[in-house]
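Remarks on the structure that follows.
The values are calculated or read from the model by the stated rules, or taken from the named source; none is laboratory data. As the structure is a prediction and not an experimental result, all values here were calculated from the model. In this analysis, Cβ positions are derived from the backbone assuming ideal geometry, glycine residues included, and neighbour counts consider all displayed protein chains. Surface areas here come from the heavy atoms of the whole protein model, side chains and all, with no ligands, DNA or RNA. Shrake-Rupley method; radii C 1.70, N 1.55, O 1.52, S 1.80 Å.
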Amino acid sequence: MFEDTAFHIFDKSTSTLTLFTGEIKQIDVNHLDKPDYLSAVKQKAISSGLIGECDFVCEWDV
C-alpha cells in the first residue's frame with residue numbers, strides 16, 4: 001500500500017523541503033499564514049517534479 005509513498009519534511013521558517021532522499025530544496029509558496037499551506041507546498045513540489053502524487057508533506061515544528 002505505501003511502497004510508492006514517501007514522506008518529506010517542510011520547514012516553514014526557512015521555506016525548505018527536505019526530501020526523503022535527504023536532498024533539501026527551497027519551496028517558495030505564498031500564503032504560509034493560511035492553515036492549508038502544506039497543501040500548497042505539496043502542489044508546488046509535485047508541479048516541480050520533486051515529489052509524487054502519493055507522497056506526504058509534513059511540517060517540521062520544533
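Key figures for this structure:
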item: Count of residues meeting criterion [touching a helix residue (DSSP H, G or I) at 6+ places or on another chain (Cβ under 8 Å) and within 17 Å of ASP61 (Cα to Cα)] in region 1-33; result: 5
item: Answer residue from region 6-26, given it is touching a Phe, Trp or Tyr at 6+ places or on another chain (Cβ under 7 Å) and over 12 Å from ASP55 (Cα atoms) and is surrounded by the fewest Cβ atoms within 10 Å (Cβ to Cβ) among those; result: ASP11
item: Pair list, Cβ < 6 Å and 6+ apart or interchain, from region 12-26 residues that are among the hydroxyl-bearing types (Ser, Thr, Tyr) to residues that are part of a loop (DSSP other than H, G, I, E, B); result: SER15/ILE27
item: Test: residue in region 50-60 that is of a type in the set (Phe, Trp, Tyr), in contact with a strand residue (DSSP E or B) (Cβ under 6 Å, 6 or more places away or on another chain) and open to solvent by less than 40 Å² (accessible area, probe 1.4 Å); result: no
item: Residues of region 27-47 classified as closer than 12 Å to HIS8 by Cβ and either open to solvent by 100 Å² or more (accessible area, probe 1.4 Å) or β-branched (Val, Ile, Thr) (or both), total; result: 3
item: Residue that is modelled with the lowest pLDDT [pool: residues in region 1-28 that are within 9 Å of the chain's Cα centre (by Cα) and assigned to a loop (DSSP other than H, G, I, E, B)]; result: ILE27
item: Pair list, Cβ < 8 Å and 6+ apart or interchain, from region 29-51 residues that are part of a loop (DSSP other than H, G, I, E, B) to residues that are of a type in the set (Ser, Thr, Tyr); result: VAL29/SER15; VAL29/TYR37; HIS31/TYR37; LEU32/SER15
